[in-house]
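Shown next, in structure tokens, is the structure this report addresses.
The values are calculated or read from the model by the stated rules, or taken from the named source; none is laboratory data. Just so it is clear, the structure is predicted and the values come from calculations on it, not from any experiment. We place every Cβ from the backbone using ideal geometry, glycine too, and count neighbours over all the protein chains shown. The area values use the complete protein model at the heavy-atom level, side chains included, leaving out ligands, DNA and RNA. Shrake-Rupley method; radii C 1.70, N 1.55, O 1.52, S 1.80 Å.
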Protein chains: 2
Amino acid sequence: MCEVNAYLIKNGEETLIMERVYKLDLQENQVHIENLFGEQKFLSASLKEINFEKNRMVLEKTGEKS
Amino acid sequence: MCEVNAYLIKNGEETLIMERVYKLDLQENQVHIENLFGEQKFLSASLKEINFEKNRMVLEKTGEKS
């Protein structure tokens, strides 16, 4: 079993958005993450990097709706 | 520490291409994976899914050069 923390880069800043993610699905311009506490997130983002050694994934925001 | 096995879907078939991947980088249409044995692969592929619970990532081949 293996879990990572998910960080989102938005406007150049990195924020922790979910801890202990155990599942990640990618669609075009959309990312679905789910964690061990039953939380789910759908994000307009793309995956940039995962470092399993550091238990860390980095997502980057796409299609800003500000 | 956490490692996953990488599977590649090509022509509808899934093949194990690397075991114990600990690092994944995504560029546009390119995937770079690295494992604990120092092996590296650059693939014309996109990431489809990661299931950390099953220690499994699925990549899909893009831009066939056959």
Would you kindly calculate the mean projected area, averaged across all directions, of the convex hull enclosing the Cα atoms of region A:4-61, in square nanometres? 3.5
Measuring from the lowest to the highest alpha carbon on each principal axis, how far does the protein assembly as shown reach, largest first, in angstroms? 43, 30, 24
Under the Karplus curve 6.51 cos²θ - 1.76 cosθ + 1.60, θ = phi - 60°, whole-Hz ³J(HN,Hα) for region B:18-28, x wherever Gly or Pro sits: 7, 9, 6, 5, 10, 8, 9, 10, 10, 10, 5
Pick out, in residue order, every one of the chymotrypsin sites (Phe, Trp or Tyr not before Pro) in region B:26-66 that is DSSP loop and has at most 13 other C-beta atoms within 10 Å; say none if there are none. B:PHE37
Put a dot 7 Å past each Cα toward the Cβ at A:ASN5 and B:ASP25; how far apart are the dots in nm? 2.3
Identify all lysines with a Cα-Cα distance to A:LYS23 below 27 Å; exclude those on the same chain that are fewer than 8 residues away in sequence. A:LYS10, A:LYS41, A:LYS48, A:LYS54, A:LYS61, A:LYS65, B:LYS10, B:LYS23, B:LYS41, B:LYS48, B:LYS54, B:LYS61
Roughly how many percent of the accessible protein surface of chain A is carbon and sulfur, given a 1.4 Å probe and a whole-percent answer? 40
Long-range amide H partners of B:GLN30 with built H, under 5 Å: B:ALA45
Can you give me the accessible area per residue for region A:4-61, using a 1.4 Å probe, in Å²? 54
